[in-house]
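Here is the structure we will look at, set down as structure tokens.
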Amino acid sequence: GCVLVVSVIEQLAQWHNSTVKAAVERLCDYIPGKYQIMCHMSCCIDKEMNADVVCHSLRLCKQDPGQPLCHLYSPPKKGKHSSGLFYALAHARPKSQIRSKSFMGFSSVCAFPLLANLCEKIKFVLRNKLPFEDFDGDKFSTFPTLRGYHWRGRDCNDKNTTVYPGRRPDNWDAKSDSNCNGIWGVDPKDGIPYEEKFCKGADSRGVVLLGDSAGAHFHIPPEWMTVTQMSAKSFANLPMAFSDEFDWPQFSEITGFLNSTIGGWTDSLYLRLRKRNRCNHRDLQNISQNVYFPNNIAPYLSFSLARNQLLDNPAIVIYATIGNDVCNGERDTLAHMTTPKEMLSNVVQALRYLDTHLPNGSHVILTGLVDGRFLWDNLHNRYHPLGQLNKDVTYSQVYSFLDCLQVSPCSGWLTPNETLRNLTSERALQLSNVLKEIARSEKFANFDIFYMDFPLRQTAEEWRKMGGEPWQLIEPVDGFHPSQIAAALGTGITWQKALHEWPQVLGKENPFNDQIEAIFKDQGGH
């Protein structure tokens, strides 16, 4: 974190030909008030020291005994020698130590008083995967972030636990909207409730994602790190992003429902289901998380999944942990990958839990793991947003830095070691084959089960036809997650496969969609 912030400050000073102090003030003007953590750092940055030297001298970056000295930038040169990082640190520390003491108390973001309360709320949602603001306890919210309606359909009555998206209508919603799809009341022409007229027998269904950080749609805006594009507008979305764990599920491949503000466009399985049947409005849940799922996700489902087997509509559940089982930041990464035997046990346990909670007529789609060799092959020699100004930081350097810090999102794929990349893909294929066999052989009472490969190859081919480059399908800042473009293109590929091979999963097209929309327009869109 320190290296990123100091890099931005030093590049701002360079780009605007200003002092470091002026660059810090400029950055603080850009960033919303309570998030101005780096405003404390102006005393500690020397324009002549690179970010690695600054952060090590402040002791925010440290070297544990027996561990390498981690650095993002090429070490400063000392005469004819390139091993100048130790020399630079030795000369930087005496003048930084006194100034750094006042900063050490704020080595954690959450130590800042203005952010402490928000951090507690975020810790709550990380533990529970549930909305922080949920007054009736039905697992749905009227608040967007902190696992609110960006993640699940928006509640339309947060004081009534029997009113929430996805339930079957109460008495055809003649008097009120019990399932929050906006269709309620009685047609004055014939006295028939609108919900009965338009949604009875319409195969209404919701969509639930059980995913990882790719499903949650992790994204750090590149304009936060690209000084040539930076302005106050760049950071306007920082509070929302922080409260959503730097995820953007509202634009994601499975549950996206808002027009993208982070590039590309939004296309999602939910939006297509809603277009196919307007009665599906708001019936979505994104139960994904950035950190690795534990071996068995069934306990998470027990308090995160919102589906009543007796009262609710069936659901399409997408099980898509496309990298978690092979990705970790461990030095001996292969030893920490899920084995095929563990995969079989974990997934079957989760499916058995779903069978006791999903309404009859539901569907489960198991998505295979991605072949992450695509990342290194298409990014390693390109410049990262932090390196674009001075052409001094490639993705290869970023991957090595994160690996050295033991916080790499995927040590097996984000590495120059081709053998390790191949072994990681080999394990990913083995685990995908386990999922394929589960879909072929396991039977459940309340849902049928299907398998599909993660459509990376088809997505890349589609994007090439549109004139795009493969690297544009990867998030530019983390160099790891699918980008907004990849998410939108992947939706179309998944939908076409379902349409042609499993049409029963998607339900019937509702013949009354146009009438529903016409009534909505007559009522002002409500």
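In region 289-311, which residues are in a loop (DSSP other than H, G, I, E, B), within 14 Å of Asp212 (Cα to Cα) and at pLDDT 85 or above?
Correct list: Gln289, Asn290.
Hey, can you tell me all the residues within region 342-392 that are within 30 Å of Ser441 (Cα to Cα), touching a Gly at 6+ places or on another chain (Cβ under 9 Å) and hydrophobic (A, V, I, L, M, F, W, C)?
Correct list: Leu369, Val370.
So if I check each of Gly372, Gly467, which one is touching a Leu at 6+ places or on another chain (Cβ under 9 Å) and among the small types (Gly, Ala, Ser)?
When all the criteria are applied, what remains is Gly372.
Can you pull out the residues in region 176-228 that are in contact with a Lys or Arg (Cβ under 9 Å, 6 or more places away or on another chain), among the charged types (D, E, K, R) and outside any loop (DSSP other than H, G, I, E, B)?
Across region 176-228, the qualifying residue is only Glu223.
Could you list, in sequence order, all residues of region 334-372 that are among the charged types (D, E, K, R), surrounded by 16 or more Cβ atoms within 10 Å (Cβ to Cβ) and within 22 Å of Asp212 (Cβ to Cβ)?
Asp371
Taking region 183-204, which residues are open to solvent by 30 Å² or more (accessible area, probe 1.4 Å), touching a residue at least 40 places away in the same chain (Cβ under 8 Å) and under 21 Å from Lys521 (Cα atoms)?
Correct list: Tyr194, Lys197.
Look through region 258-288, keep the residues that are assigned to a loop (DSSP other than H, G, I, E, B) and closer than 24 Å to Phe303 by Cα, and return whichever of them is most open to solvent (accessible area, probe 1.4 Å).
In this case the residue turns out to be Arg282.
Table: residues versus (1) within 11 Å of Gly479 (Cβ to Cβ); (2) β-branched (Val, Ile, Thr).
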site	(1), (2)
Leu358	no, no
Asp371	no, no
Asn378	yes, no
Asn381	no, no
Thr394	yes, yes
Tyr399	yes, no
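Yes/no per residue for (1) surrounded by fewer than 19 Cβ atoms within 10 Å (Cβ to Cβ); (2) of a type in the set (S, T, N, Q); (3) at pLDDT 65 or above; (4) over 26 Å from Pro239 (Cα atoms):
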| site | (1), (2), (3), (4) |
| --- | --- |
| Lys21 | yes, no, yes, no |
| Pro32 | yes, no, yes, no |
| Val54 | no, no, yes, yes |
| Cys70 | no, no, yes, yes |
| His91 | yes, no, no, yes |
| Ser96 | no, yes, no, yes |
| Met104 | yes, no, no, no |
| Lys123 | yes, no, yes, no |
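Just the residues that are open to solvent by less than 10 Å² (accessible area, probe 1.4 Å) and under 25 Å from the mean Cα position of the chain (by Cα), please, taken from region 433-451.
Answer for region 433-451, where residues must be open to solvent by less than 10 Å² (accessible area, probe 1.4 Å) and under 25 Å from the mean Cα position of the chain (by Cα): just Leu435.
Is at least one residue of region 409-423 touching a residue at least 24 places away in the same chain (Cβ under 8 Å) and of a type in the set (Phe, Trp, Tyr)? Break it down into steps so the answer makes sense when it comes.
Start the filter on region 409-423 by keeping residues that are touching a residue at least 24 places away in the same chain (Cβ under 8 Å), which leaves 409-416, 420-423.
Of the ones still in play, those that are also of a type in the set (Phe, Trp, Tyr) are 413.
Within region 409-423 (the criterion being touching a residue at least 24 places away in the same chain (Cβ under 8 Å) and of a type in the set (Phe, Trp, Tyr)), the answer is yes, since at least one residue qualifies.
Against the condition basic (Lys, Arg), in contact with a strand residue (DSSP E or B) (Cβ under 8 Å, 6 or more places away or on another chain) and either under 20 Å from Phe520 (Cβ atoms) or open to solvent by 10 Å² or more (accessible area, probe 1.4 Å) (or both), how does Arg152 come out, does it pass?
Values: basic (Lys, Arg): yes; in contact with a strand residue (DSSP E or B) (Cβ under 8 Å, 6 or more places away or on another chain): yes; either under 20 Å from Phe520 (Cβ atoms) or open to solvent by 10 Å² or more (accessible area, probe 1.4 Å) (or both): no.
No.
Could you check, for region 240-257, whether at least one of its residues is farther than 30 Å from Gly33 by Cα and of a type in the set (A, V, I, L, M, F, W, C)?
Yes, the conditions are met somewhere in region 240-257.
Considering only region 378-395, state which residues are touching a Lys or Arg at 6+ places or on another chain (Cβ under 9 Å) and either open to solvent by 30 Å² or more (accessible area, probe 1.4 Å) or free of Cβ contacts under 8 Å to residues at least 40 places away in the same chain (or both). Break it down stepwise before answering.
Step one: of region 378-395, the residues touching a Lys or Arg at 6+ places or on another chain (Cβ under 9 Å) are 383, 394-395.
Once the filter is applied, which keeps residues that are touching a Lys or Arg at 6+ places or on another chain (Cβ under 9 Å) and either open to solvent by 30 Å² or more (accessible area, probe 1.4 Å) or free of Cβ contacts under 8 Å to residues at least 40 places away in the same chain (or both), region 378-395 yields Tyr383, Thr394.
The values are calculated or read from the model by the stated rules, or taken from the named source; none is laboratory data. Given the structure is predicted, the values throughout are model-derived calculations rather than measurements. Reconstructed Cβ throughout: ideal geometry from the backbone, glycine too, with neighbour counts over all protein chains shown. When the accessible area is computed, the model is the full protein with side chains, heavy atoms only, and any ligands, DNA or RNA have been set aside. Shrake-Rupley method; radii C 1.70, N 1.55, O 1.52, S 1.80 Å.
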